Structure formats: C-alpha cells, structure tokens
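Below is one structure; the comments refer to it alone.
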C-alpha cells in the first residue's frame with residue numbers, strides 16, 4: 001500500500017476518532033436512555049480507535065522506506081491488510097446504522 005494513502009487514512013481516522021468521541025460525550029448527556037444509539041456510537045469510536053492505533057504502528061514501521069519509481073510502497077502482512085479492510089468496512093456499516101436511527105455522521109465534513 002502506498003505510504004501517502006496510509007498517511008491520508010491516518011489523518012482522516014484521527015479526525016473521525018475525535019468526532020466519534022464528541023458524539024459519545026454529547027449523547028451520553030442528551031439521550032442517556034437511547035441504548036441503541038449509545039451502543040453504535042461506542043462501537044464507532046472503538047473501531048476508529050483500533051484502526052488509528054494500527055495505522056500509527058504501520059507508519060512508525062514505515063519510516064525509512066525508500067521511494068521507488070515515484071512511489072513509496074509500504075509492504076503489509078496479509079493479516080494487517082485484512083484488518084485494515086475489515087475495520088474500514090465495519091466503520092462504513094456502523095455509520096450506515098447510525099444514519100438509519102439518527103442524523104449523526106462521523107465522517108469528516
């Protein structure tokens with residue numbers, strides 16, 4: 001995977017973690033009895049946090065990789081790539097569920 005793509009994903013995920021945390025804090029006060037909403041918000045925060053931690057670790061390991069043919073490709077183990085793909089798909093589904101029960105969006109605006 002290209003280093004630039006991983007860096008972009010890390011930046012957007014970091015922003016999404018912050019948004020998810022803000023939403024959780026807000027709705028814990030405003031709708032403390034809406035268990036379904038709070039559960040989805042917690043899941044959203046957890047997925048994004050785990051994804052962010054993995055991306056930070058990947059980027060730390062990628063320091064020093066040299067550019068070839070105008071691209072810096074970061075070699076990823078298959079299990080790491082599968083985790084990234086699964087986390088991204090899961091956060092898309094959680095966002096879809098959140099939008100189905102509320103007007104909440106975790107995506108960067």
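The values are calculated or read from the model by the stated rules, or taken from the named source; none is laboratory data. Keep in mind that what you see is a predicted model, and the values were worked out from it rather than measured. Ideal geometry is used to build each Cβ from the backbone, glycine not excepted, and the neighbour counts take in all protein chains shown.
Consider residue 26 carefully, then state whether it is surrounded by 12 or more Cβ atoms within 10 Å (Cβ to Cβ) and either assigned to a helix (DSSP H, G or I) or more than 17 Å from the chain's Cα centre (by Cα) (or both). Yes; evaluated as a whole, the condition is true for this residue. Scanning region 29-48 for residues that are within 30 Å of residue 61 (Cα to Cα) and either crowded, with 18+ Cβ neighbours inside 10 Å or in contact with a strand residue (DSSP E or B) (Cβ under 8 Å, 6 or more places away or on another chain) (or both) gives 44, 45, 47, 48. Considering each residue of region 63-75 in turn, none proves to be exposed (fewer than 14 other Cβ atoms within 10 Å of the Cβ) and modelled with pLDDT of 90 or more. Restricting the search to region 35-77, which residues are in contact with a helix residue (DSSP H, G or I) (Cβ under 7 Å, 6 or more places away or on another chain) and closer than 18 Å to residue 99 by Cβ? Those that are in contact with a helix residue (DSSP H, G or I) (Cβ under 7 Å, 6 or more places away or on another chain) and closer than 18 Å to residue 99 by Cβ: 36, 37, 38, 40, 41, 42, 43, 44, 45, 47, 48.
Of all the criteria given as (1) outside any helix (DSSP H, G or I); (2) more than 15 Å from the chain's Cα centre (by Cα), the one not satisfied by residue 61 is (1). Please enumerate the residues belonging to region 64-79 that are touching a residue at least 12 places away in the same chain (Cβ under 8 Å) and part of a strand (DSSP E or B). Result: 71, 73. Report yes if residue 53 is out of contact with any strand residue (DSSP E or B) (no Cβ under 9 Å at 6 or more places or on another chain), closer than 29 Å to residue 26 by Cα and either crowded, with 16+ Cβ neighbours inside 10 Å or at pLDDT below 95 (or both), otherwise no. Taking the combined requirement at face value, the residue does not satisfy it.
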